[in-house]
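Read the structure below first, then the notes.
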């Protein structure tokens, strides 16, 4: 029996649900900090014939070490497919092997590269203008006119449309059945002018997909099949929200780890085509990579002009000119002294990577059908990339940076908390931002100390004004840049090789340190209020006990959502959030009564001093907590 389908709640190039490991958005940063495992270290300047045993050694080692069931890999170089192999199992339960030209992998947001390729096709044919207002091509979907600057396809290709990002806490009910319905019902707010900052947006890509359909007059997949897939001979590539029965037997299944062993899970059901529904094989993606590396053609079939490919591949957006940024739809990376362009693909249980090295005529694709232990597949794909890069292209030497002599007097201006732009701003989901906060402090030794979620503090040395390198790892390609405003205040932080998000400096009352402290203090005082209500029965203590209990119920539900959102079944999240928010709202409504009782108790000196102090503490905690709930939009009747 083939498993039934499962709803996917995030299907984008960077996971939109908090992982137990650091934000998948930071997967690109992790590779630059993590050394390649011992079994992955290889001699340099190998010839092409040594590539296949190198990749086999690395990938098979990863599958065993990280408990990932299977992988599919393709490497192209100098106009040829030099490697296309499957490794491990497509279905660990039945031990079905992965076959490179047959087994279909759900490669999620790698499909976005096909959306942008189609956009560039229509642009070179004069059907689209990349710098025109997108409303030129839209009639049935109208975005709020929030800013004077028009929103363009060029902005969408850099994920700089200015949209907030939500989808972590889904609305109640099934997902929209059509692309048009998705664009209407899941329309995010516009929170900044287009072209200002990047914040990875499935919605923006879906908007471009809809424009392709309207301009071409064809369904999205039909347009791609006629204009990209068939010309390139990509007969095993599909954009399908659900897997049709005739393809089910060839599908690689996603796997979770249960008792240390991979276990196959039902197939995923994604929301819209461009946001993760692409099914493909390693050999098909090899053809796509070769077309982009050969000026838009493969085996005599052209999908783009050479000048269009050059335009698509060059940088068009960056947060800082010293850092990598965005080409037209391709993420830009700098590793081993080389410029790369590519994209990540992260579905619920699949992790993929496609990278082109245009100057070397080389491309790499890899996909894993399980996250492995502690989401190790995100690290595995980058380890493989690093090994392929070192295959004939060793990393250039680098000197250990020395702290500037005057930096100690400037270090404090960088200190604070920075939170990603890849989040919601006006819904209950905005309350999740502090979980992925970057902390920065003065190291006291001429360096900055920076800590990412789930990692230890690291030392960074300023090498140019507001540009930093790791102090302990001079060979690392990592960089951190800061932006300042006209008044000289530090406002943003950016990572090299992470163009899909910026980090905004937040005020003290939005930082993780304040949030953790507030929640801890309030939880203790609410528990004392419940205890006081049990031991000292009176109208005042009873009211505060109810308030404390309702807030503790909210905190329990909120903690469950924050820590275990990934494991919750579809539909459970909005129900649990709704119940939790109802508890918080009820407690908040009762808080003015508690304030009145507390003031009356002090006026009349009723009860013992210790009791009055504890009740007053609980009342003030309830008041502060209500303000915190209101600030994060957690007093509504639903998740948005």
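Only the coordinates and a few stated rules stand behind these numbers; no lab work does. In this text the structure is predicted, and so the values were computed from the model without any measurement. We place every Cβ from the backbone using ideal geometry, glycine too, and count neighbours over all the protein chains shown.
Listing for the model above:
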{"item": "Computed label-point distance, nm, for sites residue 64 and residue 399 using a 7 Å Cα→Cβ extension", "result": "4.4"}
{"item": "Cα convex hull of the chain, projected area averaged across orientations, nm²", "result": "31.3"}
{"item": "Tilt relative to the chain, helix 112-124 - C-alpha long axis, 0 to 90 degrees, to 10", "result": "60"}
{"item": "The chain - mean residue ellipticity at 222 nm from DSSP helices (-39,500 (n - 2.57) per run, n ≥ 4, rounded to 500)", "result": "-11000 deg cm²/dmol"}
{"item": "Whole-number D in µm²/s for the stretch 181-235 (Stokes-Einstein; Kirkwood sum over Cα pairs; 25 °C, 0.890 mPa s)", "result": "185"}
{"item": "Pair residue 562, residue 373: separation of 7 Å Cα→Cβ label points (nm)", "result": "2.8"}
{"item": "Overall Cα dimensions of the stretch 407-509, principal axis frame, Å, largest first", "result": "40, 31, 22"}
{"item": "For the stretch 511-631, fraction of C-alpha pairs farther apart than 26 Å, in %", "result": "23"}
{"item": "Burial ranking of peptide ranges 67-77, 208-218 (average Cβ count within 10 Å, highest at the top)", "result": "67-77, 208-218"}
{"item": "Over the stretch 455-576, equivalent-ellipsoid semi-axes from the Cα gyration tensor in Å", "result": "44, 19, 14"}
{"item": "Protection-proxy order for peptides 185-195, 361-371, each taking the mean of Cβ atoms within 10 Å per residue, highest first", "result": "361-371, 185-195"}
{"item": "Least to most buried among 506, 521, 480 (fewest other Cβ within 10 Å first)", "result": "521, 506, 480"}
{"item": "Helix 539-564 vs. the chain, principal-axis angle (Cα, 0 to 90°, nearest 10)", "result": "10"}
{"item": "Cβ-based exposure ranking for 524, 107, in which fewest neighbours within 10 Å come first", "result": "524, 107"}
{"item": "Centre separation in Å (Cα based) which lies between the stretch 285-311 and the stretch 45-88", "result": "24"}
{"item": "DSSP beta bridge pairing in the chain, given as percent antiparallel to the nearest 5", "result": "95"}
{"item": "FRET efficiency for residue 149 and residue 579, using Cβ-Cβ distance with R0 set to 60 Å, rounded to 0.05", "result": "0.90"}
{"item": "Cα centroid separation, the stretch 109-164 to the stretch 458-489 (Å)", "result": "33"}
{"item": "Helix axis angle, 572-604 relative to the chain longest principal axis, alpha carbon, degrees", "result": "30"}
